[in-house]
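To keep things clear, I will list the structure first and then write my remarks on it.
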């Protein structure tokens, strides 16, 4: 069994934003030399998500609006967590909807994706450096 | 390490609907010959979900109503994504709540499930052929 | 390839509550002897979740309030599922938001976590014994 590990570092300007990290994960798969296996991609921070969906900017704005409706940032004082001096309670909730991680099959040395599948990082508490873990195991 | 891959194809009549795909995934596990490992089951389309819950039709209707409340289909013009000519923005959001994938442990050649666990495919933009990936690795 | 399996049993007093199960999962990783691999941790019951987030009690209360807002327990008669004699339809929905499982990378014999990542069990239908599966594969 081969195993591979890499961290992807990124910083989103502004509180929230999406980054397509498919190319970086593809590089990891290539570098790993693994032909058949499973690839875990997870946010290492707890106020951001890794998920798979469509690379369409209108949809990304819809997602952002929708999550803000489900777990609004304001009023900041409406969350107990923010009494600790934080202002990011909403970010923890938004991340819960979108998820921490995705697991992708590796087949013939490539991510085994449907036509429209792309991997995104969703930042909910930006303006600071964050990291994503890529761990691949297989043969 | 053994690896196994299969696509399950399905078409749901109507916009939304649930399909219990546990029997098909069980067949995959048997066919793979893998006794100990991990089994990834993921939607290959981005407007549907794979998830584990109870096989109870009342609950399935509750889930459908609840998701329609969280991310309504109408008004179609309320979503930026639908300006691209699509009418399925809500389907992308519903799928985000329910998730793309599940990972199931394989133990003694079987899915290692609690009493009530069953695997479902949830279609949010039906009337077309969609596919689900089953990837198993192990010994 | 080495594989390891263990069930963690727990009973939450009251309908809902969070338990930090990181120490128990750490014990599993140590006991497995696996240095590089993937660790699946999933609820074996369908009215509870396993997820990764911050160990901060104010946030946990925020999560509980927020989930109760998204899928209220009352009125019990508002859910079709509860016509079967159950009163836990809301628990199935809350669990859908928070997820069934997490997959954690194992690196150098440890869970490969960011600074604040901790594994939680979220009970949505307590006062009874429930179980969580830990399955690890790797070398």
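Just a few scattered comments:
- Residue B:119 vs. criteria at pLDDT 95 or above, within 11 Å of chain C (Cβ to nearest Cβ), more than 12 Å from the chain's Cα centre (by Cα) and part of a strand (DSSP E or B): no
- Where helices (runs of 4 or more DSSP H) fall entirely within segment A:1-99, those with at least 3 residues that are surrounded by fewer than 18 Cβ atoms within 10 Å (Cβ to Cβ) are at A:22-32, A:57-70.
- Among the residues of segment B:122-139, those identified as closer than 22 Å to residue A:39 by Cβ and crowded, with 23+ Cβ neighbours inside 10 Å are B:132, B:134, B:135, B:136, B:137, B:138.
- Residue C:99 free of Cβ contacts under 8 Å to residues at least 24 places away in the same chain, within 20 Å of residue A:92 (Cβ to Cβ) and touching a strand residue (DSSP E or B) at 6+ places or on another chain (Cβ under 8 Å): no
- Residue A:112 vs. criteria surrounded by fewer than 23 Cβ atoms within 10 Å (Cβ to Cβ), away from chain B (no Cβ under 14 Å) and at pLDDT 95 or above: no
- Test: residue in segment B:63-81 that is under 23 Å from residue B:128 (Cβ atoms), modelled with pLDDT under 95 and facing chain A (nearest Cβ under 10 Å): no
- Flag if residue B:133 is within 14 Å of chain A (Cβ to nearest Cβ) and in contact with a helix residue (DSSP H, G or I) (Cβ under 7 Å, 6 or more places away or on another chain): no
- Those residues of segment A:54-76 which are touching a helix residue (DSSP H, G or I) at 6+ places or on another chain (Cβ under 7 Å) and without any contact (Cβ under 8 Å) to a residue 24 or more places away in the chain, in sequence order: A:56, A:58, A:59, A:61, A:62, A:66, A:72, A:76
- Remark: pairs (first residue in segment C:83-94, more than 10 Å from every other protein chain (Cβ to nearest Cβ); second residue assigned to a helix (DSSP H, G or I); Cβ separation under 6 Å; 6+ apart in sequence or on different chains) = C:87/C:76; C:94/C:67.
- Condition check for residue C:36: in contact (Cβ under 8 Å) with a residue 12 or more places away in the chain, closer than 30 Å to residue A:34 by Cβ and more than 14 Å from chain B (Cβ to nearest Cβ): no
- Taken together, the criteria place residue B:107 among residues that are more than 30 Å from residue A:68 (Cβ to Cβ) and either more than 7 Å from every other protein chain (Cβ to nearest Cβ) or touching a strand residue (DSSP E or B) at 6+ places or on another chain (Cβ under 9 Å) (or both).
The values are calculated or read from the model by the stated rules, or taken from the named source; none is laboratory data. Just so you know, these numbers come straight off a predicted model, no measurement behind them. Using ideal geometry, Cβ is built from the backbone for each residue, glycine included, and neighbour counts are taken over all protein chains shown.
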